[in-house]
Amino acid sequence: MPREGRTRSLRLSVYNRAFAWRGFSLRLSLVHEVRETNAQLYDYRRTGGELSLVRVF
């Protein structure tokens, strides 16, 4: 049987341009990822967060 798999990702990001410092604003992201496969031991679910700087134009 050939290996088959599917990965789904969902990302939710928010930031407010009113809070800027030297032309950059903070962005907060929540990431949820699900991996489903017929290979043993390779299914997973994970949720994480990211904090990044965004250039305000």
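Per-residue answers, yes or no, for (1) small (G, A, S); (2) farther than 30 Å from M1 by Cα; (3) at pLDDT below 95; (4) open to solvent by less than 100 Å² (accessible area, probe 1.4 Å):
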residue	(1), (2), (3), (4)
L12	no, yes, no, no
A18	yes, yes, yes, yes
R22	no, yes, yes, no
S25	yes, yes, yes, yes
N38	no, no, yes, yes
Y44	no, no, yes, yes
G49	yes, yes, no, yes
S52	yes, yes, yes, yes
R55	no, yes, yes, no
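Checked against the criterion of being assigned to a strand (DSSP E or B), in contact with an Asp or Glu (Cβ under 6 Å, 6 or more places away or on another chain) and without any contact (Cβ under 8 Å) to a residue 40 or more places away in the chain, the candidates S25, S29, S13, S52 yield just one match: S29.
Residues in the range 32-49 that are outside any loop (DSSP other than H, G, I, E, B) and of a type in the set (F, W, Y): Y44 alone.
The values are calculated or read from the model by the stated rules, or taken from the named source; none is laboratory data. Because the structure is a prediction, the values reported are computed rather than measured. Here the Cβ is made from the backbone with ideal geometry for all residues, glycine too, and neighbour counts use every protein chain on show. What goes into the accessible areas is simple: the full protein's heavy atoms, side chains included, and nothing from ligands, DNA or RNA. Shrake-Rupley method; radii C 1.70, N 1.55, O 1.52, S 1.80 Å.
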